[in-house]
Amino acid sequence: MYQRWVDLLFLHWSCDPGWIQDLLPEGLKLDLWEGKAWIGVVPFQMKNVRFRGTPAIPGISNFNELNVRTYVHDSKGRPGVWFISLDTDSRLAAWLGRGLFGLNYFSAKIDFERTGKKITWHACRRGEKFSDKMGHRIREDLPEAVPGSIEFFLLERYHYFVGQGRRLQIGQVHHRPYPLAVADVAHWYQGPMVWNGMKQFPKPPDHMICSSGVDVEIFKAEAV
């Protein structure tokens, strides 16, 4: 599947590994940075989503998404992403994401506003009362993440994992390194934490950064 990820905001909190490990399926271990686990909240736009050999379809191929994720590796040491949840304002995308890719998708109302370099997100999962708002201003550009940096650890992940019952699966994600910029974050809530029954963090994000976007090719997950 081909798509473009646009106007990404990466908010990350460090936390005690013992709290997050219980959220993972058998066969996955937390990937730690300086002894800490990390939870990411990532709003962005999906553009030109299409299957191989098919064109993008207006009104269907573009939508908004909000992910809650953490970082893991399997028994072979392959690093990747474990999605705690994925919220989208496309019911079709939520249905396909669950049915085709086995990912934990939910239907949500997500509004995206951009004025110059200022971006604001409003989101609420359907059936939930607690809404979320995130806003930031794009500042100066940054170099691409290099191996060994916290940015590379958090952002440059080229596998995702899916737990189908007792079967663990791994899928590949191909894209160029993210173009990065400083994110001057004005406000954030922790609605996605509440929707997932998780505790809220009593502190601002430990790491904040944004990206204009990348073209992406995603492959269906296969058995580990």
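Let me have the 222 nm mean residue ellipticity of the chain computed from DSSP H runs of 4+ only, each contributing -39500 (n - 2.57), with the sum over all residues rounded to the nearest 500.
Numbers: 4 runs with 25 residues, N = 224.
Calculated at 222 nm, the ellipticity per residue is -2500 deg cm²/dmol.
Relative to the Cα centre, the charge distribution of the chain, modelled as +1 at Lys and Arg Cβ and -1 at Asp and Glu Cβ, gives a dipole magnitude of about 600 debye.
Arrange TRP95, TRP195 by Cβ neighbour counts within 10 Å, fewest through most, would you? Before the final figure, lay out each step's value.
On the way: TRP95 13, TRP195 22.
By the 10 Å Cβ count, ascending, the order reads TRP95, TRP195.
Taking each residue as 0.36 nm, the span from PHE201 to LYS36 lengthens on full extension beyond its C-alpha to C-alpha distance by 58.0 nm.
Eigenvalues of the alpha-carbon gyration tensor of the chain, scaled by 5 and square-rooted, set the equivalent ellipsoid semi-axes at 23, 22, 19 angstrom, largest first.
Quick check on the stretch 128-212: take the gyration tensor over C-alpha atoms, sort the square-rooted eigenvalues as a ≥ b ≥ c, and tell me if it's rounded (a/c under 1.5), prolate or oblate. Could you put the intermediate results ahead of the total?
Working: a/c = 2.22, a/b = 1.03, b/c = 2.17.
Note, shape of the stretch 128-212 comes out oblate.
Could you pull out the pairs from LYS29/LYS220; LYS109/LYS220; LYS36/LYS109; LYS133/LYS220; LYS29/LYS203; LYS129/LYS220 whose alpha carbons sit more than 23 Å apart here?
Checking Cα-Cα distances, LYS109/LYS220; LYS36/LYS109; LYS133/LYS220; LYS29/LYS203; LYS129/LYS220 exceed 23 Å.
In this simple spin-label model, placing a label point 7 Å from the Cα along the Cα-to-Cβ direction at both VAL173 and LEU92 gives a separation of 2.3 nm. Per residue, the convex hull around the alpha carbon atoms of the stretch 60-122 comes to 121 Å³.
We did not get these values from a lab; they are worked out from the coordinates using the rules stated. Just so it is clear, the model here is predicted, and its values are computed rather than measured. Backbone-built Cβ (ideal geometry, glycine too); neighbour counts: all protein chains shown.
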